[in-house]
Each structure stands twice: as structure tokens, then as C-alpha cells.
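**Q** The structure that follows is given in the form of C-alpha cells.
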Amino acid sequence: MGDRVTLQTIADELGVSRTTVSNAYNRPDALGAELRARILAVADRLGYRGPDAAARGLRTGHRGAIGLLFTEDLRFVFEDADTTGFLQGVADASVQAGTGLMLLPSPPDLEGASTAVTSVAVDGHLVFSVAADDPALEAIVAMGLPLVIVDEPDLGARASFVHIDDRAGAKAAAEHLLALGHRRLAVLLGRTGRDGGSGPVDAAREAAWTIRIATERLAGYRDALTAAGLDPDELVVWEAGANDPDRARQATTELLAASPDVTGLLCFSDRVAIGACQGARLTGRRVPEDLSVVGFDDIPRAATWDPPLTTIRQPIVDKGRLAARLLLAAIDGAAPSRVQLPIEPIVRSSTAPPT
Amino acid sequence: MSATPTTASTATPARRLVLTRYIDRSPAEVEAGLTAAVSAGLDDARVTAGTEPIHRGLRLVGDADQLAGSEVVVGGIDGLSELTIAVPWHNEDAAGAKLLVADRFAQTVAESARVVAAAA
């Protein structure tokens, strides 16, 4: 391998100034088409891939890209339909604004997280559903760049915030089962914190959750029971440990073994609900005849699953689109803002009256 | 197991789009200039709706197109106002266009409210 090719390397090769070469990339109207073509041809021959974004950022104060922090493994971003939909919305807004998009996974330790988020040149950050104690979030907040948080955590007026009314959505889900006549309900949660814990939930465990959505949705489920004159403490609460069908399948078999009289299962997400349906079948139960299952999100697979899932729809693509727009506005100097997007209960075939 | 058609439930209280903007002025200052700020937002949205007073705010009445029935309310604490705009949401509103109209309306009202409050 030879020395690293820079703007100066190309300038020396052509016998022009470094500024002239730089203009070929950053101010193409500042030089003639023939000269620009010669510069780009030499750059291509030498293997030069373009000006360094971070260095350009130092000069212009503008990086031309936004960062998107996920708490999950990056592979999950492309597996989970809900996350993919969010990414689609972000990409829509980014393309319209001519802005690049950089995906940032969240390393588990503060040092790694700090390195991960500070080593990239971006104008601001989108944070998609990370735990309140996530070290990457701490590093991002410390950077002081424009910030939009989606779903969680809620930093109040310190950052723009895009979310849904999780409590109302969960309440609507539970009200649906109660209206069908179910009285023995259980909740199957996905991720409630960074520890990925699973199993039955008691008060001490619940108090340790760092995922706001888990707390909000559980409160909503309990609201419905209270409004129906039932004891909210009778609600069976179980963690799958992740928003993952495999983990949910295993957790469902354990939940139903511990509480065999449950007839209605309220799931944290459609992915959890899909695993729950599989787990119910493993225990010999039919959905919805023996166990009604309600999801959350309305991912595309919810409508095609067997049986099609009753769920709470959230506008995930719009959520991504709006979050990116708010971030771009914040980069232009807009003050932090909050948006609560509407939800919609969708009734399909995974729920029925108890037999 | 056969699939049955999808049916959406009737509207719930959660079926609203709620946008909040923060303004570095006291709620009293922002509330005093709210009518002018909302008028600026309606002009920008090119709708001819009127307004009627509600507690700590205004409700859009008349022909407000995608913003019909919206409520603009001022809250917050001394030195930091929360301008909340609640837009009714219906099944046919699933497209993103209404979201963008509402977001722009909120932004315009907030910016106008800030300017009006600062000038008072």
C-alpha cells in the first residue's frame, strides 16, 4: 500500500493548487467543466474517495449527516419490521433534505459508547428507544449537539421528543379483551432495561426497569382493569427479556405453566405476540379459542400472521419521518419540541371471547 | 384458522396528534399574544378558520381543512411556556400529509408567539 491519497496528492499530480482540487468537490461551479473532469479522473486513478467529512466539518461547521443511535445490535435494525419502518421514515426526510444518515449501535460500556458517538462527524443525533441509563445516550447528551429522542427516554425540554401515548394504547388493548369477557389477563413484556432479564415480575423488579414504555404500558393495562372494577394486582406480568419471538415463545410456555388459567395475553409488541402464539401452541392451546393474544405496533407481519393479530397501530414510518424533520429543524436552530403521534386499535382474529 | 377482515375500532381519546413547542417566555405573555400567533399559523396554512376561546387557549372553528377542531393551549412555568396543539386524528388521516401540515402550523404559531411575546 502506498501513502494515503489526499487533496494535496492530486494537486501535486496535476500541478494545480489544493484549493482548486477542493473546489472540484465542494464548489464545482467555481471551475471549468474540463478542469473538474481532469481532477476527478486523476482522483479516481489514484483511488481518492472524496474529501474527509470530519475535516470539511471543521472548515464549514456543517457535516451534512445525522446520526441515528440504536440500542440493539445493528442486525436487529434490518430484521425488525417496526425498526425498519422507522428507518424508512428517517431516510425519506434525510433524502429530501440532502442529508446523510449514519447508523450508530450502542456499545455496552461508557468508554466504548463515548468513542462510538464522538468519533463520527454528524450535525445532530436521533436516538431511537434506548434505556435511560444507556451509556451512549450519556455520551450524546454530553456532546451538546441537536438531539431528538424517539420513544425514550423522555428528557423533558432538554431534547425534542417523538412518541405515542403508550399508556392509552395499552389501556385500549386491555379494554378490548375485557369487553370480550376475559377476566384473567397476563402481560408479556419485551425489553424492560439493559439487562435483558426474563421471568415473572414483582414490585422490586418493576421498580428497576429503565425502559419508560414498559412502565407506561403496564400502567395502561392496569388502568383498564381498575376501570372495569377488577384488581390490577391480579394481572400476571412476565418479561421475555427482548423484543424477540424466540424469547417470547419460551416465556409464554413458562407463563402459561405458572398461570394456566390465563385466557388473554397482552403483548409488548407484535414480535412478542408472534412468539406468544407459537408458545401457546406448544402448550396445546389454540389462538384465539383458548388464548386471546393482542400485540402492539401493527407491523406488516401482524396482518398476515395466522391468526392475524389484534394490535395497537402506531404510525412508525411517520414517526421516523417527523423525528428526522425535527432534528433538521433543530440543526437550523429551532427550539426543542414534542410530538405525540396518534394510535389506532386494530381488531383482527387473534382475539375472541373466552370459551 | 381462517382470517377475518380487519376492523378498526371507533375513535378513542388517544386519537389525537399532539405537538408541543417550548417558548422562552412566561405563559401569560404567550397567552396574551396567542390570537395573533394562531392567525399567523392559519395564514401560513392558507386556511380561513376562525377561533373560539377555551381554557388557556383557542379552538379552531370553521373551515380549517386538516387542522379542523384543533386546540391550541398555553401551559408551562415562569420563563418557559409550553404551547400544545392537539389535532383530531381520523382513520382517513393515516397519510403523512396531515402530520406535516400540523407540524408546520405548530412551528409557525410557536415562532409567531415568541415574536409577539418579545415585542409586548
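**Q** Considering the stretch A:156-170 alone, what residues qualify as being among the charged types (D, E, K, R) and more than 8 Å from every other protein chain (Cβ to nearest Cβ)?
**A** Within the stretch A:156-170, A:R158, A:D166, A:R167 meet the criteria.
**Q** How many residues does the stretch A:217-235 hold that are of a type in the set (A, V, I, L, M, F, W, C) and touching a Pro at 6+ places or on another chain (Cβ under 8 Å)?
**A** 1
**Q** A further question on this structure: Looking only at the stretch B:15-61, filter to residues that are part of a strand (DSSP E or B) and hydroxyl-bearing (S, T, Y); which one of those is farthest from B:D93 (Cα to Cα)?
**A** B:Y22
Yes/no per residue for (1) touching a Pro at 6+ places or on another chain (Cβ under 8 Å); (2) farther than 27 Å from A:V130 by Cβ; (3) of a type outside the set (D, E, K, R); (4) not in a strand (DSSP E or B):
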site	(1), (2), (3), (4)
A:L177	no, yes, yes, yes
A:E206	no, no, no, yes
A:I213	no, no, yes, yes
A:N243	no, no, yes, yes
A:L256	no, yes, yes, yes
A:R271	yes, no, no, yes
A:C277	yes, yes, yes, yes
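**Q** What residue, of A:V162, A:V117, is under 19 Å from the mean Cα position of the chain (by Cα) and under 15 Å from A:I66 (Cα atoms)?
**A** A:V117
**Q** Can you name the residue in the stretch A:136-175 that is assigned to a helix (DSSP H, G or I) and of a type outside the set (A, V, I, L, M) and is also farthest from A:T83 (Cα to Cα) among such residues?
**A** First, the residues of the stretch A:136-175 that are assigned to a helix (DSSP H, G or I): A:136-143, A:156-158, A:166-175.
Adding the requirement that they be of a type outside the set (A, V, I, L, M) leaves A:138, A:156, A:158, A:166-167, A:169, A:171, A:175.
On the way: A:E138: 22, A:G156: 24, A:R158: 24, A:D166: 17, A:R167: 20, A:G169: 19, A:K171: 23, A:E175: 27 Å.
Checking each candidate, the answer is A:E175.
**Q** Of everything in the stretch B:70-84 that's outside any strand (DSSP E or B) and surrounded by fewer than 14 Cβ atoms within 10 Å (Cβ to Cβ), which residue is farthest from the other protein chains (Cβ to nearest Cβ)?
**A** Only one residue tops the list, namely B:D78.
**Q** Quick check: is even one residue across the stretch A:159-171 on the phi < 0 side of the Ramachandran plot, crowded, with 24+ Cβ neighbours inside 10 Å and either in contact with a Pro (Cβ under 7 Å, 6 or more places away or on another chain) or of a type in the set (F, W, Y) (or both)?
**A** Yes, the stretch A:159-171 has at least one match.
**Q** Follow-up. Going through the stretch A:61-83 one residue at a time, which ones are part of a helix (DSSP H, G or I) and either buried (at least 17 other Cβ atoms within 10 Å of the Cβ) or in contact (Cβ under 8 Å) with a residue 24 or more places away in the chain (or both)?
**A** Of everything in the stretch A:61-83, those that are part of a helix (DSSP H, G or I) and either buried (at least 17 other Cβ atoms within 10 Å of the Cβ) or in contact (Cβ under 8 Å) with a residue 24 or more places away in the chain (or both) turn out to be A:L74, A:V77, A:A81, A:D82, A:T83.
**Q** Another one. Given the residues B:R59, B:R46, B:R16, which is the only one that is free of Cβ contacts under 8 Å to residues at least 60 places away in the same chain, of a type outside the set (S, T, Y) and either buried (at least 19 other Cβ atoms within 10 Å of the Cβ) or more than 30 Å from A:R313 (Cα to Cα) (or both)?
**A** B:R46
**Q** For B:L34, only one of the following conditions fails: (1) within 14 Å of another protein chain (Cβ to nearest Cβ); (2) crowded, with 20+ Cβ neighbours inside 10 Å; (3) closer than 15 Å to B:A119 by Cα. What is its number?
**A** Condition (1) is where B:L34 drops out.
**Q** For the stretch A:9-30, which positions are in a helix (DSSP H, G or I), over 13 Å from A:A41 (Cα atoms) and at pLDDT below 80?
**A** A:R18, A:T19, A:T20, A:S22, A:N23, A:N26, A:P28, A:D29, A:A30
**Q** Next up: Those residues that are surrounded by fewer than 16 Cβ atoms within 10 Å (Cβ to Cβ), within 23 Å of A:H163 (Cα to Cα) and out of contact with any Ser or Thr (no Cβ under 7 Å at 6 or more places or on another chain), I need them from the stretch A:104-150; list them, please.
**A** Across the stretch A:104-150, the qualifying residues are A:E138, A:A142, A:G144.
**Q** Do you know which of the residues in the stretch A:313-348 that are more than 9 Å from every other protein chain (Cβ to nearest Cβ) and of a type in the set (A, V, I, L, M) is surrounded by the most Cβ atoms within 10 Å (Cβ to Cβ)?
**A** A:L327
Residue-by-condition table, conditions (1) crowded, with 24+ Cβ neighbours inside 10 Å; (2) at pLDDT 95 or above; (3) within 14 Å of another protein chain (Cβ to nearest Cβ):
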residue	(1), (2), (3)
A:A228	no, yes, no
A:T283	no, yes, no
A:V287	yes, yes, yes
A:D290	no, yes, yes
A:G295	yes, yes, yes
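**Q** Among the residues of the stretch B:85-120, count how many are more than 9 Å from chain A (Cβ to nearest Cβ) and either of a type in the set (V, I, T) or farther than 11 Å from B:L17 by Cα (or both).
**A** Total meeting the criteria: 16.
**Q** How many residues, within the stretch A:206-223, are within 12 Å of A:D151 (Cβ to Cβ) and surrounded by fewer than 23 Cβ atoms within 10 Å (Cβ to Cβ)? Explain how you work it out, then say what you get.
**A** Here is the first cut: in the stretch A:206-223, the ones within 12 Å of A:D151 (Cβ to Cβ) are A:211-214, A:216-217.
Next cut, surrounded by fewer than 23 Cβ atoms within 10 Å (Cβ to Cβ) only: A:212, A:216.
Residues meeting the conditions: 2.
**Q** Does any residue of the stretch A:67-84 turn out to be modelled with pLDDT of 90 or more and among the basic types (K, R)?
**A** Within the stretch A:67-84 (the criterion being modelled with pLDDT of 90 or more and among the basic types (K, R)), the answer is no, since none of the residues qualifies.
The values are calculated or read from the model by the stated rules, or taken from the named source; none is laboratory data. Every value quoted in this text rests on a predicted model; they were computed, and no experiment measured them. Cβ sites come from the backbone with ideal geometry, for glycine too, and all protein chains shown count toward neighbours.
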